[in-house]
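What follows is a single structure, written as structure tokens, with notes after it.
The values are calculated or read from the model by the stated rules, or taken from the named source; none is laboratory data. A quick note: this is a predicted structure, and the numbers were derived from the prediction, not measured. Counting neighbours? That spans all protein chains shown, and the Cβs are built from the backbone with ideal geometry, glycine included. Each accessible area value is taken on the protein alone, full model and side chains, heavy atoms only, with ligands, DNA and RNA left out. Shrake-Rupley method; radii C 1.70, N 1.55, O 1.52, S 1.80 Å.
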Amino acid sequence: FLALLMGLSLVTVAEAARVLRRAPHRLGVFCLVLGGGQAAAALLWGGALLLVPGRAGELVLGDVWHSAAQLIVPVTLGVAGAGLGTGAAAGLRALGAARRSLRSQLFASVCYVVGGLGGAVVAGTAGSAWGVAAATGCGSAVWWLHLRSALRERRPLNPIPEVRTT
């Protein structure tokens with residue numbers, strides 16, 4: 001599912017740029033729908049996995065099903081957080097806000113490493129999964145804060161209407 005989200009991110013920047021050209025005032029809503037849709041799809045995917053009966057899981061994954069089943073919730077939340085962040089990332093990239101995009105990516109990457117490794121030290125595999133879930137949530141929040149700031153910078157605070165005199 002994460003690979004699908006990554007593939008979508010290749011197309012979403014071009015689509016966000018198209019929205020920016022045609023209706024710049026709709027870019028924020030487009031990004032919210034895009035990220036929210038991806039997060040919702042990830043949550044549905046995780047919910048479906050939670051409904052898989054134990055015997056069916058064992059049939060597909062064998063002996064590792066019981067260990068893997070414990071990771072469904074944190075991995076689902078991590079993928080949902082990543083999906084939510086891709087909407088804001090597409091918006092920032094469409095705006096050409098390279099510095100904001102770089103800062104957001106660096107922050108998200110540091111969170112990912114610290115959350116994943118820190119969680120692993122504290123609670124093993126499950127702790128790492130929960131740490132990554134928290135990291136993607138924090139990273140997503142930073143992406144959205146930067147997008148909001150970039151959209152505000154692009155919009156004039158008090159637009160002065162054009163007055164023509166003849």
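Relative contact order (percent) for the stretch 1-110, with alpha-carbon contacts under 8 angstrom and 6 or more residues of separation?
With pairs under 8 Å counted, the relative contact order is 40 percent.
Starting from the 7 Å offset along Cα-to-Cβ, what nm value, one decimal, do you get for the label separation of ALA123 and LEU59?
Distance between label points: 3.2 nm.
Which of the following values of semi-axes √(5λ) of the Cα gyration tensor in Å was calculated from the structure shown: (1) 29, 17, 14; (2) 37, 17, 14; (3) 39, 18, 11?
(3)
Modelling each spin label as a point 7 Å along the Cα-to-Cβ direction, I'd like the LEU71/VAL52 distance in nm, to one decimal.
Between LEU71 and VAL52, the label points sit 1.2 nm apart.
Taking springs between alpha-carbon atoms closer than 10 angstrom, which of ALA120, ALA129, ALA88 fluctuates most in the Gaussian network model of the chain?
Top of the fluctuation ranking is ALA120.
On the full set of protein chains, 1.4 Å probe, figure out the accessible area of PHE30 and give it in Å² to the nearest 10.
Here the accessible area works out near 50 Å².
Calculate, for ARG152 and SER109, the FRET efficiency according to 1/(1 + (r/R0)^6) with r their C-beta to C-beta distance and R0 30 Å; round to the nearest 0.05.
0.75
Quantify, in whole percent, the carbon and sulfur part of the accessible surface of the stretch 16-145 (1.4 Å probe; protein heavy atoms only).
71 percent
What FRET efficiency comes out for the pair LEU102/VAL29, r = Cβ-Cβ distance, R0 = 35 Å, nearest 0.05?
0.90
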